[in-house]
Amino acid sequence: MAVILIVVIAIAQCSSAQKSEQQQAAANFTSQTSEAIASAAPPAVAPLEALSIKSAAKDFRRVYTADALAGAMIFSQNCYEGLAHEFSWARLDECGAFDVMAVQKLDADPGNTSSEAAYFESETAAGRYLAAVISAGENPDAADQRLAELQTRSAALAPRVIVPQSEPIQAPETDTNQEDEAGWKGQA
């Protein structure tokens, strides 16, 4: 519990500016979910999985296309809240990657000042993920490295995921004779 408080206090002190009501609500959410994750006695730390990031990309495309950032915020909150009930490292990484993609989408629209923009502000989203990772048992230095790897891997998918809302989303073209990741061959 003490680690959680230290993380939340550190995140709060990162910004010297007065926090808006929306930013305070996002910080409170982070604190509450981190405490719930810590009390759930999570399993041993597992490595970051590429499949979690790909799942997040699919979820982000689906949710953002249907409901824009408002839907993305609800999805993210539900994702993190679900970790308190049934924790898995793969799901935590999916929640974090989803947020990274929302942050990247928000960065493409810098004029957005909604509550969703405050929730997906880069520092806030990173703090939410770090607090959850540390609450689940990772040491702070390793948590920073995990976040950096998650951001790098998520950024690699961003060009295919982050498109203007008015453009239809299309799957990338693939050679139908190539094997997919599971080893299945496509039909010609």
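Some points to look at:
- The string of couplings for the stretch 65-73 from the Karplus curve (6.51, -1.76, 1.60, θ = phi - 60°) is 4, 7, 9, 6, 5, 4, x, 5, 5 Hz, one whole number per residue in order, with x for Gly and Pro.
- HN-Hα J in Hz across the stretch 102-117 - Karplus 6.51, -1.76, 1.60, θ = phi - 60°, x for Gly and Pro: 5, 4, 5, 5, 5, 4, 6, 10, x, x, 6, 10, 6, 5, 5, 5
- Solvent-accessible area of residue 86 with every protein chain in place, 1.4 Å probe, in Å² to the nearest 10: 150 Å²
- Prolate/oblate/rounded call for the stretch 38-93, Cα gyration tensor, a/c under 1.5 rounded: oblate
- The residues neighbouring residue 146, those whose beta-carbon lies less than 9 Å from its own, together hold a net charge of -4 under the Lys/Arg +1, Asp/Glu -1 convention.
- Gain upon complete extension [residue 156, residue 107; 0.36 nm per residue less C-alpha separation]: 16.1 nm
The values are calculated or read from the model by the stated rules, or taken from the named source; none is laboratory data. Keep in mind it's a predicted model, so treat the numbers as computed, not measured. Cβ: placed from backbone, ideal geometry, glycine included. Neighbour counts: every protein chain shown. Note: accessible area is taken over every heavy atom of the protein model, side chains too, but ligands, DNA and RNA are not part of it. Shrake-Rupley method; radii C 1.70, N 1.55, O 1.52, S 1.80 Å.
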